[in-house]
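The values are calculated or read from the model by the stated rules, or taken from the named source; none is laboratory data. Every value quoted in this text rests on a predicted model; they were computed, and no experiment measured them. Positions of Cβ are backbone-derived with ideal geometry, glycine not excepted, and every protein chain shown enters the neighbour counts. Keep in mind that these areas ignore ligands, DNA and RNA; they rest on the heavy atoms of the full protein, side chains included. Shrake-Rupley method; radii C 1.70, N 1.55, O 1.52, S 1.80 Å.
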Amino acid sequence: MNKFPNDFVWGTATSSYQIEGAVNEGGRGRSIWDLFCEQPNKILNSDSGSTACNHYYLFEDDVKLMADLGIKAYRFSIAWPRIQPSGEGEPNLAGISFYNKLIDCLIDNDIEPWITLYHWDLPEDLYLRHQGWLSSSIVDKFGEYARICFESFGDRIKHWITLNEPWCSAVLGYGNGHHAPGHISNTEPYIAAHNLLLSHARAVEVYRDLSLNNDGVIGITNNCDYRFPLTQTEEDINAAERSLEFFIGWFADPIWKGDYPQIMKELVGNRLPKFTEDEKKLILGSSDFFGLNHYSSMLASEPNEGIQPRENIAGNGGMFEDQLVHLSDDPNWKKTHMEWNVVPEGCKELLKWIDKRYNKPTIYITENGCAQDEPTLEAAQNDDDRIQFFEGYINACYEAIQDDVNLKGYFAWSLMDNFEWAWGYDRRFGLCRVDFNTFERSLKKSAHWYKEVIKNNSI
Ligand code: PNW
């Protein structure tokens, strides 16, 4: 038995738009995802999150599921347009009341609530009237929204995450257009990323100035896939390193080292915005822990005619040309229903890479999981491939801890099947099956397996 440290946090994660539904209830304003889902050909089967898992009404059932799983912590996100329907101004009390009820219900069940402030559902007005993440005016607005959340929920919340995966907001939202608001550009992602980082830092400044005196911590969650060099040539080793710096260094270097990676400055040139000295100071040290969402790995190599990059998926979207990296798959790797490569070894290597580059931060894996093709209830109840996935990745986490990486927790994505963005309800990540006609929930085989891991604190 491989034992985890006694204080290791086992959890599951979700996000507001992917599970809540009730988009017109309780005074919620519209978000860019409501708008995006109405546009043709953006979402598989023209799905949307308008009812999703109906969690807004069924949250008590969902907390029961979590209690049954025995999780210690639950990571969920707050829908900004439930708190401020237009993204600014007075708080909407019905929205605050919904999250109060959820938080209290979790605490009553001995589950620690972890809050993400922004998991992609930007108030539509901020996009239509204020240019969304492309305008620096969003920094103050995000700070004010964050303040409302800290003041409303901060007495009970010990773990805050400002942004979920700003890489996705920037690259998928403004680079290849796969996510809301659907822009395609090779300049906008860098501007959006810049404003995302500044907004994160502002929220942290607001939080720290409030001094809630409750041992609470605040950080950011970034996503990164690992890159193995295709061959052991110096060119390919450098390509893999470059790819990682463009992926996670872009967002983590300013926070842990004070500025964007040098290689990005060189290759992106004047399309990469610059931080002022004051901004650098504000951003440096603005995360109490390293939140990591990790799903997959690819091979990286120096571009040459012979190797064709695989179009997108977990790739680098519109930024490909800037990185000068070819990405490919090892044909021996198994793939999930997302076509993402299953490579537990990459998880361990990435944890070690982060540990080294950022000088041993406290790391939490705030998401890890896989989509499997589950057309029937029977398939969902026999999700052995998901068990194998979790087994591999959780073992990799164990090995990283043996190698002295400060990994302190692991959140499975996701508690239940939900609205998987551009893939609608066709891609299923849940530990629990959701029937999207009846909204009935049931534990999958992997949920029973995860329950044992948590109970024994070992794998
Ligand atoms: C994350 N990529 O999204 C999100 O945080 C979740 O909301 C989502 O459901 C989950 O992972 C599964 O997709 C990602 O292209 C979306 O590399 C795309 C990528 C990575 C993460």
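For the pair Val217 and Lys274, the difference between a 0.36 nm per residue extended length and the Cα-Cα distance amounts to 17.7 nm.
With N as its number of residues, segment 1-144 has a Cα radius of gyration that, divided by 2.2 N^0.38 Å, comes to 1.15. At a 1.4 Å probe, what is the % contribution of carbon and sulfur to the accessible area of segment 330-398? Carbon and sulfur: 45 percent of the exposed surface of segment 330-398.
Taking the full set of protein chains and a 1.4 angstrom probe, give the accessible area of Asp330 in square angstrom, rounded to the nearest 10. The accessible area comes out at roughly 40 Å². Classification of the chain by its C-alpha gyration tensor yields a rounded form. The axis ratio a/c (a ≥ b ≥ c) stays under 1.5. All alpha carbon pair distances within segment 174-272 were sorted into 5 Å bins beginning at 0; the resulting P(r) in whole percents reads 2, 11, 16, 20, 18, 14, 9, 6, 3, 1, 0.
Going by average Cβ neighbours within 10 Å, how do the peptides 398-405, 161-168, 252-259 rank, with the highest at the top?
In descending order of packing, they fall as 161-168, 252-259, 398-405.
Put simply, the C-alpha atoms of segment 118-225 give a gyration tensor, and the ellipsoid matching it has half-axes of 26, 14, 11 Å, longest first. Shown are Cys149, Cys105, whose ranking by accessible area with a 1.4 Å probe and every protein chain present, most to least, is Cys105, Cys149. Please check which bits of segment 212-231 a label hung off Asp330 would reach, taking the label as a point 7 Å along Cα-to-C-beta and the cut-off as backbone N under 14 Å. What the label zone holds, given the 14 Å backbone N cut-off, is 226-231. Once the Cβ-Cβ distance of Glu60 and Ser458 is raised to the sixth power relative to R0 = 30 Å, the FRET efficiency obtained is 0.45.
Using every pair of separate Cα atoms, the Kirkwood estimate puts the hydrodynamic radius of segment 310-459 at 16.9 angstrom. Counting only residues at least eight positions apart within a chain, or on another chain, the aspartates and glutamates with an alpha carbon under 17 Å from that of Lys281 are Glu205, Asp209, Asp253, Asp259.
With q set to 0.16, 0.21 Å⁻¹, the log10 of I(q)/I(0) for segment 75-157, from the Debye formula over equal scatterers at the Cα positions, is -0.59, -0.94. Atom-type composition of the exposed protein surface of segment 151-284 places 49 percent of the accessible area on carbon and sulfur (1.4 angstrom probe). Rolling a 1.4 Å probe over the protein heavy atoms gives the chain an accessible area of 37 Å² per residue. A simple spin-label model places the labels of Lys265 and Asp373 4.8 nm from each other, with each point 7 Å out along Cα-to-Cβ.
Could you look at segment 5-102 and say what percent of its accessible area is carbon and sulfur, using a 1.4 Å probe and all protein chains? Reported share for carbon and sulfur atoms: 48 percent. Taken along the Cα-to-beta-carbon direction at a fixed 7 Å, the label points for Asn45 and Ile107 span 3.9 nm.
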